[in-house]
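Note sheet for the following structure.
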Amino acid sequence: MIQRIQSIYLFITVILTAMLFFMPVARLTVPDAFTYQFYTTKVIQSGNPEVFIAYNWMSMILNIVITLVSVVTIFLYKKRLLQLRLCIVNIILLIGLLVLIWAQVASLTNELDAVRQWGFSFGFPLIGVILNWLALRGIIKDIALLKSYDRIR
């Protein structure tokens, strides 16, 4: 049921986590050398042409899992308790993704002795946490509403 507000919140979370695949999370600039762009999927060296450096397997897999859990959660509208649990799991995974990205970029910054600049897409997991929390509140309201209807019968 896409008309429920929590489905809209979860759909926006899907869009934000999908955008993380294509937008750089951070830019690392090595003084008097190269500039690297850090994505959740890969690290590339900026320039013409761009040079592929490495895959970020952990953050890529975690981002795929978060996106899939959000999509599955949207379509579990008849199983509200499972939807509730999946929202909690997704919040934990989004916080984990945020910490993982920060740790990977910090490690790479120290390794390359670079200056880092965070992209605005670094905030997408945090926005996803807020949206999942709002969806969680909507699911709790639905459960309370259905319990009140059962009492009336």
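The values are calculated or read from the model by the stated rules, or taken from the named source; none is laboratory data. Because the structure is a prediction, the values reported are computed rather than measured. Cβ sites come from the backbone with ideal geometry, for glycine too, and all protein chains shown count toward neighbours. We work out accessible area using only protein heavy atoms, side chains counted, and drop any ligands, DNA or RNA first. Shrake-Rupley method; radii C 1.70, N 1.55, O 1.52, S 1.80 Å.
Quick rundown of the values:
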| quantity | calculated |
| --- | --- |
| The stretch 53-153, dipole about Cα centre (Lys/Arg Cβ +1, Asp/Glu Cβ -1), debye to the nearest 20 | 860 |
| Span from the the stretch 21-39 Cα centroid across to the the stretch 84-99 one, whole angstrom | 26 |
| Sites matching trypsin sites (Lys or Arg not before Pro) across the stretch 46-88 that sit in DSSP coil, with at most 10 neighbouring C-beta atoms within 10 Å | LYS78 |
| Lys pairs, the chain - Cα-Cα below 15 angstrom, 8 or more residues apart or on other chains | 4 |
| The chain - accessible surface per residue (Å², probe 1.4 Å) | 58 |
| Computed helical MRE - 222 nm, the chain, DSSP H runs ≥ 4 contributing -39500 (n - 2.57), nearest 500 | -22000 deg cm²/dmol |
| Fraction of accessible area attributable to carbon and sulfur, the chain (%, probe 1.4 Å) | 69 |
| With Cα atoms, 0 to 90° folded angle of helix 124-152 axis to the chain main axis | 10 |
